[in-house]
Amino acid sequence: MDLLTKRLPGPSGARNAAARAAILLVALALGACGGGSSTATSGPDPLASCDPADAATLAECGTVLVSFTDADGDFLNYTVDVVSLTLETANGRVVETLPRETRINFTDYVDLTELVTVATVPPATYVAGTIRLDYADAEVFVAVGDGSKEAVVTDEAGTPLQQAQLRIRLSNRDQLTVRRGLASLLQLDFDLAASHVVDIEPTPATAAAEHFIVAEVAPVDEKTTRVRGPLLEVDESAGVYVVALRPFHHRDGEFGRMPVQTTDDTEFEVNGEAFYGAEGLRALAAAGPGTPTVAGGTLNVAEREFTAAIVLAGSSVPGAGRDAVVGNVIARDGDILTVRGATIIPHDRRAHFHDDVLVQVGPETKVFKDGDRESDLGISAISIGQRVTIRGSGPDAMPAVTDASSPQILFDATAGAVRMHVTHLSGIVNTVVSGQVDIALQAIDRRRANIFDFTGTGMSPDLDANPANYEVATGNLTLADFAAGKPIAVRGFPEAFGTAPPDFTGRTVIDFTDVRSALGVGWGANGTTAPFLRMGADGLVLDNQNPAVDVRHYIKQGTVLIDLQSLESDTTIVPPAAGRTLFVIKTADSLRQYADFAEFVDDLAASLDGVTSARSMFARGQYDIDSNVFTAFKIGVYLLEP
């Protein structure tokens, strides 16, 4: 599910800071109810005063907020069971942070971060961790052309994975320090694109895994954070409510307790009714304890305080009493919407992926829009490309597949609701004029533009949206730095159906200098002992023409793929001048992490000793094609040790 992606100002209106702090501390102390158990190893244990399983010792404990995120890739669905996530102190004490196995769809986390557990742990400095994944019941789909294909995750030898375990070592400068009575943050970034080599030819497709899962105590990527769980209590005077944390695809259990701060601008939808600020908090309180909630907003890393931009509660939560569908509208015929890339969230069983779903809406369908106070939106607001969450008319609103040769599900939302989310465009700039940019549209929410049928979007057929020259209204957004022929990314909403032009209204526009780019290169099963022509504290020079280079040799800038081997010079990879960074060296069973580029290069140079080979690498950052320099805030290199 998508939630509004925006930054919030500080809390507005009268708020009781002391009450906020008090409820934060109480809620985090109560987090022991959600688990976090420890197993002591041999040797002295100075942390015995905190036993997460003993309520009498909670005052001596600390708290870790654990979240998951992911980078953009070619996976449409990647759902696995996370069996265990342990942390380890320097003296060998091991602490489990998950109270139970949890099912996670990592493709949910390209545009957001989900808070998964609030674990009560002994105060200590944690230097390493281990994550264990179970693939026995995995659901994985990859993009193939304009559609999707089921995939099996394998090891490098091609054997289907049953379980995978990866040890993570935190960098010396960024170890996880947990103090008594305080909350710390640990974010796990599972980079799906860097972690797999996908072969779409067989049926099912295969995804050979070489897991890159990195742990960050001060996250490099800042995204909207999602917090989900049943309501425990509301403090209207402090503008705070507390939930029993529960990952998105879980229907029961508790993974700790988390306070959610609200402001006068927080948007609420409670049981199908829209509210703002204190009025929404009162509606939430009236709904009562146990009410399902899901919120999207901003986590203040320094203060460990989560502030909600949008809160959905009660029947407004997908799957709470009614089936739901999440995806993008790729076509519309009257009141029938075709939703592509759909995740179906039934009210009575777990979510699953289905690429196309037909949805029927009608005059009684309620329509909401993230960040829009307008309350009389009708179904005409829903146009092509729009990212939506659709809630059905009732628990029995989704009949069986109707066409066995081309399976399509007809979903009844005539008495349900549609929530329109911020939608992401990417393309190439054609022209820029005051208040508008026209682009060659390449993708909408990472799906190719050619799958979208724009028939009916215009005021007349000749004015239907044209992906070759897609018109984006930009209002007062500054466009001075945009150049024709360069990549662009836009976040906003398609115009109402039948009202184009313009075709889209942008809330955020990102020019080519800031468009997030990804570099990926592999050197075959045996790797190469000389992946770089030069290694130094000022950068790495990649050998683009290395004869060991395999099918991976690209830079993806927005949606533009640049073949490394087609470039006239070898690509230089440098660290940014400022800001958070993370550099990783992976071996078969561990990760070594660095925040300092020079330390990373020193380790890399020492490791590439003429015997050890580099199997693959990835980088995330910005790319300047004119200078052929990739400025990377994240780099990962996979080494094959002899």
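Just so it is clear, none of the values below were taken in a lab; they were calculated from the coordinates. This is a predicted model, so every value here is computed, not measured. Methodologically, a virtual Cβ is constructed for each residue, glycine included, from the backbone with ideal geometry; neighbour enumeration extends over all protein chains shown.
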Run the Debye formula on the Cα coordinates of segment 495-642, all scatterers equal and no solvent, and tell me log10 I(q)/I(0) at q = 0.10 1/Å.
-0.38
Picking from Q565, I555, I625, whose Cα lies most toward the positive end of the charge dipole for segment 517-640 (charges on Cβ: Lys, Arg +1; Asp, Glu -1)?
I555
Would you list C50, C61 from fewest to most Cβ contacts within 10 Å?
C50, C61
So for the chain, averaging the separation of alpha carbon pairs under 8 Å that are six or more residues apart and normalising by length, what relative contact order in percent results?
10 percent
Can you list the lysines whose alpha carbon is less than 27 Å from that of K586, not counting same-chain residues fewer than 8 positions off?
K223, K556, K634
With +1 on each Lys and Arg Cβ and -1 on each Asp and Glu Cβ, and nothing else charged, work out how big the dipole of the chain is about its Cα centre, in Debye to the nearest 20.
1160 debye
Could you work out how far apart the two model spin labels at N526 and R580 are, taking each label as a point 7 Å from the Cα in the direction of the beta carbon, and quote it in nm?
4.1 nm
Ranked on Cβ counts within 10 Å of their own Cβ, fewest leading, I444, I562 go I562, I444
Consider just the alpha-carbon atoms of segment 466-543 and return their Rg together with their Dmax, both in angstrom.
20.0, 58
What is the distance in Å between the Cα centres of segment 218-235 and segment 121-141?
20 Å
Length-normalised contact order of segment 225-316 in % [C-alpha pairs under 8 Å, at least 6 apart]:
31 percent
Leading residue at positive end of dipole, the chain (Cβ point charges), from I439, T125, A218:
T125
PRE reach from E599 (point 7 Å along Cα→Cβ): which of segment 157-195 fall under 15 Å by backbone N?
169-177
Using alpha carbon centroids, what distance separates segment 47-87 and segment 407-443, in Å?
35 Å
Out of Q175, N91, L185 - ranked by how far each Cα lies towards the positive end of the dipole of segment 80-198, with unit charges on the beta-carbon of charged residues - the top one is N91
Can you match semi-axes √(5λ) of the Cα gyration tensor in Å to one of these, (i) 37, 31, 26; (ii) 36, 34, 23; (iii) 53, 24, 21, based on a calculation from the structure here?
(ii)
Once you have all Cα-Cα distances for segment 423-510, histogram them in 5 Å bins from zero and send the whole-percent values.
3, 16, 28, 29, 16, 7, 1
Determine by what factor the alpha-carbon radius of gyration of segment 193-278 differs from 2.2 N^0.38 Å, reporting the quotient.
1.62
List the lysines whose Cα lies under 19 Å from the Cα of K369, skipping any in the same chain that are fewer than 8 positions away.
K6
For the D333, S49 Cβ pair and Förster radius 41 Å, calculated FRET efficiency rounded to 0.05 is 0.05
Kindly state, to the nearest 0.05, the FRET efficiency for I200 paired with A440, given R0 = 22 Å and r defined as their beta-carbon distance.
0.30
Classify segment 253-316 from the C-alpha gyration tensor, please: rounded if a/c falls under 1.5, else prolate or oblate depending on whether a/b exceeds b/c.
oblate
Hey, fewest Cβ within 10 Å first, where do T529, T86 land in order?
T529, T86
Between S460 and A56, what's the calculated FRET efficiency when r is the beta-carbon distance and R0 is 60 Å? Round to 0.05.
0.25
Output the peptides 348-360, 458-470, 219-231 sorted from most to least packed, where packing is the average of other Cβ atoms within 10 Å over each peptide's residues.
219-231, 348-360, 458-470
Roughly how many whole Å is it from the C-alpha centroid of segment 271-316 to that of segment 543-602?
40 Å
Among DSSP beta bridges lying fully in segment 473-584, give the percent that are antiparallel, nearest 5.
95 percent
